[in-house]
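Heads up, the thing below is written out as structure tokens.
The values are calculated or read from the model by the stated rules, or taken from the named source; none is laboratory data. Worth saying up front: this structure is predicted, and the values here are computed from it rather than measured. Virtual Cβ from ideal backbone geometry, glycine too; neighbours counted across all protein chains shown.
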Amino acid sequence: MNDLIAKFLFVIFLLLILASYYFGVRKRGRKIFITFLYLLTIVYTIIQGVYYAKNFPGSSPDESAHISYVYYLDKTGEIIPHFEDMQLFNVQQMKWSIDYYAYEPDTVNYLCHPPLYYQIMRLAGGFSETEDPTVIQIDKMRLRYFSMGIYTIGLALLLYIGWSRISKAKPWLHLIYATACSSIPMLAFEFCAVTNDSLALVAACICFIGLIRFCENKRGYLTYILIAVGITASLLNKMTGAMLCIIMALIVLAVTMIKERSIKDSLRKEFFITLPIYFIAVAYFAVMYSRYGVLRPSLELISSPEYFRSTIYYKAESERANFDLAGYLDYYFNQFFLSWSGIASTTSYMKLTIFTKASIPTELLWIIPIMVFVPAIKKVSGNLSLPIIAGWVSTILTFAFQLKSAYGTFLSRGYLGGFQARYYIPMMFIFGLGTSFVFQGLLLENGFDSETEVITIKNLREFSKRQIYNQIIYYLGLFYCFMMFYSNFPFFLMHFA
């Protein structure tokens, strides 16, 4: 049955490929097709998320800890939580019911994230007290579907970036963008899960839309508000997402100032009026520093005994893996990119190696944006070239920081984690836009105007040569697109379901 569903999905995708070709040479109905393509991508991703949520309950990364965080805020009414007082739900349901969970007062929650996502999740409800104060009834699906709503907003913003900025004269580029942005299995796997990764996607997309407008010289209130809201929301949600947004914004700002030789044109009065938005995050970190002496508390700081009791974060020296630097790097890169091309959670569904035909297409997404530095690709990217490059550099720098932190933790504590590739899903617009513009930049001008459907070139022989070359690029792009599609949900259905 699962193989049959996978084959059906292949047929649908091949029809989309044919349609993208047809509407590439026929203007009538083109915009409707492109809009339908993005709406179909949203629906397809939601279906995957619901499928995973219903068939793999409780398997999303750290979901129990996220739910425990929401419950703590709901119970105490605190705006900024006291992390040392926040406990965990047992991941196992009570034996006599599927809806009841034990709240363990002696186990400190290891999540010390800022509280914005969890405050929003309080609106979902889903908690009911029982006669036993340590046993709580939890409507997990209610919480999951509410979080899915947040993720849907993020996905819609992600796809809006492609819909609004990629040329509508080339529908196949929109197919590449939509497929690239939705090709990472962990996006759909977490889509209907309680996780702050959903808000991280929303925040990053808002920030990037603001930066796009900034680079398009649309520097009014809306632009600076979008950037401020995106950065502040990321700071109040997750530090990795905040690093991605802040570094990207600083690179765009610095390069623009150098290029325009002006600070005033970049930091206009509208920017200074939006400064109070940033102060919300400043106030949060001021509270953190006054309480804990650091800007970002951790389980090791707030509950040292709990940290060292945990076999997850600390290994005795006799139990530690024996890696030198080269061995550790080999291990880290393998685990990172396997979790990028597969599903890494309490239950893992990953490809055999990072060099399989189902792994390589998604891994190439990390390399392709480099080509935006090439003049021909940079030219077709236009005003988007700077934010794409800034986003890619930000992603690489954040990855390097994550790798350094993970290696330091391995040396001092023997912990072999810290390679969560899903942290970079909020930057899928960088990979999607980079891939789309690379294929667009490889095309040659062949004399066919897709807006008027008229061939303007006079030399038929030259036209034929360029047409053949462009068809090769077209087929390469769509083949790559098909492989990204195959490596996601169809691969899961064929090999794991």
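Scan segment 310-334 residue by residue and report those that are part of a helix (DSSP H, G or I) and surrounded by 13 or more Cβ atoms within 10 Å (Cβ to Cβ).
Of all residues in segment 310-334, those part of a helix (DSSP H, G or I) come to 317-319, 325-334.
Tyr328, Leu329, Tyr331, Tyr332, Phe333, Asn334 - these are the residues of segment 310-334 that are part of a helix (DSSP H, G or I) and surrounded by 13 or more Cβ atoms within 10 Å (Cβ to Cβ).
When segment 186-208 is filtered for residues that are within 23 Å of Phe489 (Cβ to Cβ) and of a type in the set (S, T, N, Q), the ones remaining, listed by number, are Thr195, Ser198.
Within the span defined as segment 349-369, one or more residues are under 19 Å from Gly418 (Cβ atoms) and among the aliphatic types (A, V, I, L, M).
For Val202, the conditions (1) buried (at least 24 other Cβ atoms within 10 Å of the Cβ); (2) in contact with a Ser or Thr (Cβ under 8 Å, 6 or more places away or on another chain); (3) part of a helix (DSSP H, G or I) all hold with the exception of (2).
Selection of segment 213-245 for residues being of a type in the set (Phe, Trp, Tyr) and surrounded by 18 or more Cβ atoms within 10 Å (Cβ to Cβ) yields Phe214, Tyr224.
A quick yes/no check of all residues on (1) in contact with a Gly (Cβ under 9 Å, 6 or more places away or on another chain); (2) surrounded by 13 or more Cβ atoms within 10 Å (Cβ to Cβ); (3) outside any loop (DSSP other than H, G, I, E, B); (4) modelled with pLDDT under 80:
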site: Met428; (1), (2), (3), (4): no, yes, yes, no
site: Thr452; (1), (2), (3), (4): no, no, no, yes
site: Arg461; (1), (2), (3), (4): no, no, yes, yes
site: Gln467; (1), (2), (3), (4): yes, yes, yes, no
site: Ile473; (1), (2), (3), (4): no, yes, yes, no
site: Leu478; (1), (2), (3), (4): no, yes, yes, no
site: Phe485; (1), (2), (3), (4): no, yes, yes, no
site: Pro490; (1), (2), (3), (4): no, yes, yes, no
site: Leu493; (1), (2), (3), (4): no, yes, yes, no
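Taking Ile367, is it modelled with pLDDT of 95 or more and surrounded by fewer than 22 Cβ atoms within 10 Å (Cβ to Cβ)? Answer is yes for this residue. In the set Phe337, Phe373, only one residue is within 24 Å of the chain's Cα centre (by Cα) and either buried (at least 19 other Cβ atoms within 10 Å of the Cβ) or not assigned by TED's automatic domain parsing to the domain that holds Gly434 (or both); that residue is Phe337.
If you go through segment 335-348 one residue at a time, do you hit one that is hydrophobic (A, V, I, L, M, F, W, C), out of contact with any His (no Cβ under 9 Å at 6 or more places or on another chain) and either under 30 Å from His82 (Cβ atoms) or not in a helix (DSSP H, G or I) (or both)? The answer is yes; a qualifying residue exists.
Checking each residue in segment 136-173 for being farther than 19 Å from Phe437 by Cα, charged (D, E, K, R) and buried (at least 19 other Cβ atoms within 10 Å of the Cβ) picks out Lys140, Arg144. Selection of first residues in segment 134-162 that are without any contact (Cβ under 8 Å) to a residue 40 or more places away in the chain and of second residues that are assigned to a helix (DSSP H, G or I) and of a type outside the set (Gly, Ala, Ser), restricted to Cβ pairs under 9 Å at least 6 apart or on distinct chains, gives the following pairs, ordered by first then second residue: Phe146/Ile120; Phe146/Met121; Phe146/Leu123. Could you tell me whether Ile251 is buried (at least 18 other Cβ atoms within 10 Å of the Cβ) and over 22 Å from Gly154 (Cβ atoms)? So Ile251 passes the test.
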